[in-house]
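Quick notes on the structure that follows.
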Amino acid sequence: MKAVIFDLDGVITDTAEYHFLAWRHIVEQIGIPFDRSVNESLKGISREKSLENILIRSGAEAKYTNAEKQDLLHEKNKYYQTLISKLTPEDLLPGIGRLLCELKGEKIKIGLASSSRNAPEVLKRLEIINDFHAIVDPTALANGKPDPEIFLTAAVLLGVSPADCAAIEDAEAGIAAIKSAGMFAVGVGHEQSMHDADLIVRQTCDLSFDVLNEEWKSYRINIVQK
Ligand code: B16
Ligand code: MG
């Protein structure tokens, strides 16, 4: 294991909740019901694709012009940015600060593969941006998660082969992207949405270098034996 690549929302900090609040704020104003189960399906999905999915689900896709959709996207992001402006290092999810320290101590490269264009701002507010050797720019990608492009790009930026990378995600689309990239997939959360992951932990505080490294070793042995 030469590198660990992190998703941001739901792995490093609970901005998944802020995305939920921002979408609910915008979507309920236009009379579309929005709950956590809909939000779950949007995790890891780009802003534009998320709006498209919300409108399609409610049969409202044809009701909005492109300009109106752009306004909704702008409003959602404005609301989201107000929420993240309050983030502090206290908002790191439990165990993540410790894990970053352990990885640095082990000289493991650290990358970020987040679909969020707000990711650098979030990392700055959490005061961990300098821990990252590479941060993928999602605007430079042709395909979003579940496509592997974002994880493969992170590996290129880190100068590490995908086979030597572990990546951590909280969303089904993200786990699918990691597996298609040929990496060791670590899922944080409920097992039903994580079934393709190579290692599942319930919470971020269950993550540590030792846990990742032990599971990594058995995963590699299994691959070699196959
Ligand atoms: P933004 P991740 C994703 O981040 C979120 O899970 C998803 O809900 C959001 O729509 C997407 O980023 C885009 O974010 O609107 O800030 O550009 O989970 O890939 O870190
Ligand atoms: Mg996420």
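The values are calculated or read from the model by the stated rules, or taken from the named source; none is laboratory data. Model, not experiment: these values are computed from the prediction. Note that each Cβ is placed from the backbone with ideal geometry, even for glycine, and that neighbours are counted across all protein chains shown.
Which number in (1) free of Cβ contacts under 8 Å to residues at least 60 places away in the same chain; (2) crowded, with 17+ Cβ neighbours inside 10 Å; (3) of a type in the set (Asp, Glu) marks the one condition that residue 17 misses?
That leaves (2) as the condition not met.
Restricting to the range 189-214, give me the number of residues that are at pLDDT 95 or above, in a helix (DSSP H, G or I) and not polar (S, T, N, Q).
Residues meeting the conditions: 7.
Out of the residues in the range 20-42 that are surrounded by fewer than 17 Cβ atoms within 10 Å (Cβ to Cβ) and over 22 Å from residue 114 (Cβ atoms), which is farthest from ligand 2 (Cβ to nearest atom)?
Filtering first and then ranking leaves 31.
Take the range 21-34 and flag every residue that is at pLDDT below 95 and within 11 Å of ligand 1 (Cβ to nearest atom).
none
Only residues that are within 14 Å of ligand 1 (Cβ to nearest atom) and either among the small types (Gly, Ala, Ser) or not in a strand (DSSP E or B) (or both): list them for the range 1-20, please. Working first, answer last.
Of the range 1-20, the ones within 14 Å of ligand 1 (Cβ to nearest atom) are 5-20.
Within the range 1-20, 7, 8, 10, 11, 12, 14, 15, 16, 17, 18, 19, 20 meet the criteria.
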